[in-house]
Amino acid sequence: VASAGFDVAVEVPIRVRLLRVSEVEHVLVFVVHHIAADGFSMGPLTRDVMVAYSARVHGAVPGWAPLELQYADYAIWQRRVLGDEDEPDSLISRQLGYWQGVLDAAPERLDLPMDRPRPAVASNTGASYRFPIDAGLRAAVVAVAQERGVTPFMVVHAALAVVLARLSGTGDIAIGTPVAGRGEQALDDLVGMFVNTLVLRTSVDSGESFEELLARTREVDLGAFAHADVPFERLVEVLDPVRSQSHHPLFQVVLAFQNLERGALELAGLRVDEVDIEFTQAKFDLQLTISDPVDGSEGYDAEFTFATDLFDRATVVSFAERFVRVLGAVVADPAVVVGDAPWLS
């Protein structure tokens, strides 16, 4: 049910199945195309299902609160705010100009040490490797962020850039990152696709200190976040990089901070548990996701999702070990020279 694709030209981009395991146990499956919903949408979608269930078991019609906005309102607003690309003073023209400058002459791709040659057409099959970042290391990341006037995301971004630079042998590192795109409270209750993707291009000099790299990473990230309104697909059309079915355009590695609140499902006469579907797709060569632990502990949960076309699990495990080792070294001593940060056992 989860792995079957959608033809959005002919079918509604949501699939729902109720599977009967026994008389007292069922699995409710929701599969939603990304054109119609993002990760944040799962909160209001789940809430609406709970409201409907509670009403129906009592023989009533669901009483959903009217929405302040519809997704169509957001789409119209976005077009109006962005303006016309033919107008040099429009928001979209200014932001496209920024990205054209930032990404000028960017490398076609970032090649990491691979276990197999890159196929001509990516299969998008993937696997994942989860690993913990302990409470002490997370506390050190937060402390360095506070001392340097940056965010924990920026600290992790800079550390990941160091690892990617040393793995690839290049100092020009482009990393993609998703942004929620919900800048107004009125959008919180909407099910829809608001997420955009940004390209964070950072130069890494092995002879500089980590604190110097971190200061530059701050400027890179703030600049990207301030120009986050241009839809990524439009950016690709304008920049017109060499297109290939073997890799993602503009970046092949993604860093995501997953800080969505996990809701508890409480329904009268029903115990509800969330079930993760073990179905992994690799949209990119490598994606690092950092999130709060499900068990409520004080560290981070980290996960590398990787393209099995390119990498074996053992290789990605080594990437994770080196990332944790470098992250620990640079937050323990931000003055450390990037090229001297220990990354081998």
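The values are calculated or read from the model by the stated rules, or taken from the named source; none is laboratory data. Not measured: the values here are computed from a predicted model. Neighbour counts run over all protein chains shown; Cβ positions are idealised from the backbone, glycine included.
Things worth noting here:
- Selection from the stretch 42-62 of residues that are surrounded by fewer than 12 Cβ atoms within 10 Å (Cβ to Cβ) and either under 34 Å from the mean Cα position of the chain (by Cα) or not small (G, A, S) (or both): R56, H58, V61
- Within the stretch 297-323, the residues that satisfy the criterion of being of a type in the set (S, T, Y) and either at pLDDT below 95 or within 18 Å of L160 (Cα to Cα) (or both) are S297, Y300, T305, T315, S318.
- Within the stretch 289-320, the set of residues being part of a loop (DSSP other than H, G, I, E, B), under 14 Å from A127 (Cβ atoms) and charged (D, E, K, R) comprises D309, D312.
- Pairs linking a residue in the stretch 55-81 that is within 14 Å of G192 (Cα to Cα) and at pLDDT 90 or above to a residue that is part of a loop (DSSP other than H, G, I, E, B) and not β-branched (V, I, T), with Cβ atoms under 6 Å and 6 or more positions apart or on different chains, are Y71/L190; Y71/G192.
Matching residues to (1) in contact with a Lys or Arg (Cβ under 7 Å, 6 or more places away or on another chain); (2) of a type outside the set (A, V, I, L, M); (3) within 29 Å of H248 (Cβ to Cβ):
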residue: L103; (1), (2), (3): yes, no, yes
residue: P113; (1), (2), (3): no, yes, yes
residue: A127; (1), (2), (3): yes, no, yes
residue: A139; (1), (2), (3): no, no, no
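- Residues of the stretch 1-26 that turn out to be over 27 Å from D188 (Cα atoms) and surrounded by 10 or more Cβ atoms within 10 Å (Cβ to Cβ), as a count: 3
- Residue selected from the stretch 27-41 under the condition touching a helix residue (DSSP H, G or I) at 6+ places or on another chain (Cβ under 8 Å) and under 15 Å from M193 (Cβ atoms), by the criterion surrounded by the most Cβ atoms within 10 Å (Cβ to Cβ): A37
- Residues that are surrounded by 14 or more Cβ atoms within 10 Å (Cβ to Cβ) and more than 16 Å from A215 (Cα to Cα), drawn from the stretch 328-345: G328, A329, A341, W343
- Some residue of the stretch 266-288 being assigned to a loop (DSSP other than H, G, I, E, B), in contact with a helix residue (DSSP H, G or I) (Cβ under 8 Å, 6 or more places away or on another chain) and more than 29 Å from R118 (Cβ to Cβ): yes
- Condition check for D285: touching a residue at least 12 places away in the same chain (Cβ under 8 Å) and among the acidic types (D, E): yes
- Pairs where the first residue, in the stretch 11-30, is farther than 15 Å from Y53 by Cβ and the second is in a strand (DSSP E or B) and β-branched (V, I, T), C-beta under 6 Å, 6+ apart: I14/V32; R15/V31; R17/V29; L19/V27
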